[in-house]
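Notes for the one structure printed next.
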Amino acid sequence: MKAIPKVLSAISIFIFFAVGCSKKESETIQLTYEAIKTAFGDNINLNNLAEYAGQTKPAYIIKDNTGTNTISNIKATIGRVLFYDKNLSINNTISCASCHKQEFAFSDPEIVSSGVAGGLTQRHSMRLVNSRFAVERKFFWDERAASLEIQITQPIQDHAELGFSGQNGRPGLNTLLTKLQGIAYYNELFKFAYTDINVTEARIQECLAQFIRSIQSFDSKYDAGRALVANDNQNFPNFTQAENAGKNLFIAAPVFDSNSSRIAGGLGCNACHNAPEFDIDPNSRNNGIIGQANGTNRDFTNTRAPSLRDLTRTDGRVNNPMMHTGAIGGLRAVINHYNTINLNPAQNPNLDPRLAPNGIGQKLNLTENEINAVVSFLETLAGTNVYTDKKWSDPFVK
């Protein structure tokens with residue numbers, strides 16, 4: 001028998017083996033390709049998988065919270081399918097992508113996201129770009145999930161979100177696992193990746209986490225400039241004067257008087273949102289936003305934030321309302337929030353002490369030129385590829 005070519009279509013493999021295989025074996029070989037072809041067309045090809053594992057990143061990006069769940073092309077591909085599959089909700093209407101849309105840097109333009117049967121999320125949906133490139137390993141705004149893997153299946157089991165809560169007559173997670181194992185394209189995908197068709201919570205967590213960690217954005221004006229210098233403290237040759245001024249204000253620490261009024265220095269943003277990844281410092285506490293997106297009570301527990309990359313498009317349009325409440329709609333409003341922190345630690349027991357030097361909420365006393373400069377700098381963090389790259393797009397045939 002001649003050697004089999006590495007890349008074969010479903011039908012050619014079926015014909016090749018049909019004579020020498022049993023009926024059961026030939027049916028299995030045929031199924032391995034037919035269900036995937038039907039569901040995804042040319043969007044997924046097991047013989048030519050999209051590149052998730054070998055993506056390049058700049059040498060100056062050194063943070064990584066992957067842990068032991070190393071990205072592989074096949075498992076990230078399964079994660080892509082799971083991310084966009086509305087079968088993950090109890091009524092087949094909501095997927096992960098419903099709240100984390102590629103066209104908005106994997107965020108939601110709505111203040112809160114819609115779940116099953118009229119349910120609403122309690123907080124604004126975070127952008128997922130560059131989730132991997134951070135020291136912080138905990139997830140959710142309140143950091144209640146110790147890892148991305150643990151976070152993955154909590155929205156699935158949330159009564160208001162995807163609905164497999166096991167509460168009020170609704171099915172639990174085991175029902176979902178059985179449901180997915182009964183879908184032909186998952187049989188094929190899991191067989192290809194794991195050598196069996198078993199769908200488990202651990203495998204869902206593994207694959208979805210790999211896909212989400214693969215979503216990266218390093219094609220911004222900032223990255224083009226950072227590649228030309230030794231560190232962030234140097235002026236970037238490709239930046240305007242205002243962009244370099246904004247970068248310097250972002251990085252430099254402020255100097256306060258005894259009344260917590262800024263008298264010199266920058267804004268100190270970098271202390272919590274560290275360049276060049278612009279991830280959140282794991283030691284950060286509440287940022288002075290204590291309201292609720294979907295309620296009227298006070299909430300001091302929110303201490304996490306997504307990367308500041310792709311807050312906006314390259315034309316300055318914001319991708320989503322900001323903060324866990326979704327209450328801030330633009331970059332100037334964000335800066336104005338930090339310009340004057342009215343709450344003191346007595347009013348907010350979890351307020352980050354960097355926002356309340358001397359135990360008093362900071363007053364940065366920003367000028368209009370300084371605000372414009374910082375806005376200009378933050379807009380340099382906008383990439384383009386993240387919105388259009390096919391490997392992060394919906395794989396299902398429309």
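The values are calculated or read from the model by the stated rules, or taken from the named source; none is laboratory data. The shown structure was predicted, so the numbers you read here are calculated from the model rather than taken from an experiment. Using ideal geometry, Cβ is built from the backbone for each residue, glycine included, and neighbour counts are taken over all protein chains shown. Please note that ligands, DNA and RNA were not included when accessible areas were found on the heavy atoms of the full protein model with its side chains. Shrake-Rupley method; radii C 1.70, N 1.55, O 1.52, S 1.80 Å.
The mean sequence distance of close C-alpha pairs (under 8 Å, at least 6 residues apart), as a share of the length of segment 193-298, puts its relative contact order at 12 percent.
Going from the alpha-carbon gyration tensor of segment 197-272, what semi-axes, largest first and in whole Å, does one get by taking the root of 5 times each eigenvalue? The partial results should precede the final answer.
On the way: eigenvalues 305, 88, 12 Å².
Each semi-axis is √(5λ); the values are 39, 21, 8 Å.
Within segment 255-314, the trypsin sites (Lys or Arg not before Pro) that combine a DSSP coil assignment with at most 12 other C-beta atoms in a 10 angstrom radius are Arg298. Semi-axis lengths, largest first, of the ellipsoid equivalent to the chain are 44, 25, 16 Å, with √(5λ) applied to each eigenvalue of the Cα gyration tensor.
Relative contact order of the chain: what whole-number percent is it, with Cα pairs under 8 angstrom and at least 6 residues apart? Write out the running numbers ahead of the final one.
On the way: 753 pairs, mean separation 79.5, N = 398.
Relative contact order of the chain: 20 percent.
Distance distribution P(r), segment 134-195, all Cα-Cα pairs, bin width 10 angstrom from 0: 20, 34, 34, 12 percent. Structural size metrics of segment 23-140, computed from C-alpha coordinates, are Rg and Dmax of 17.6, 55 Å. Working from label points 7 Å from Cα in the Cα-to-Cβ sense, the Val255 to Lys63 distance is 2.8 nm.
Decide, for segment 314-391, between rounded, prolate and oblate: order the square roots of the alpha carbon gyration tensor eigenvalues as a ≥ b ≥ c, take rounded if a/c falls under 1.5, and otherwise choose prolate if a/b is larger than b/c, else oblate. In terms of gyration-tensor shape, prolate. Summing +1 for each Lys or Arg and -1 for each Asp or Glu among the other residues whose beta-carbon sits under 15 angstrom from that of Asn168 gives -1.
Highest mean first, what order results for 43-49, 81-87 on Cβ atoms within 10 Å?
Working: 43-49: 15.9, 81-87: 20.9.
So the peptides 43-49, 81-87, ranked by packing, come out 81-87, 43-49.
Accessible area per residue for segment 142-275 is 41 Å², calculated with a 1.4 Å probe on protein heavy atoms, without ligands, DNA or RNA. If you run the Gaussian network model on the chain, springs between alpha carbon atoms under 10 Å, then out of Ile61, Ile289, Ile335 the most flexible one is Ile61. Each peptide among 204-210, 149-155, 116-122 gets the average number of other Cβ atoms lying within 10 Å of its residues, and from highest to lowest they stand as 204-210, 149-155, 116-122.
For the chain, what % of the accessible area comes from carbon and sulfur atoms, probe 1.4 Å? C and S atoms contribute 53 percent here.
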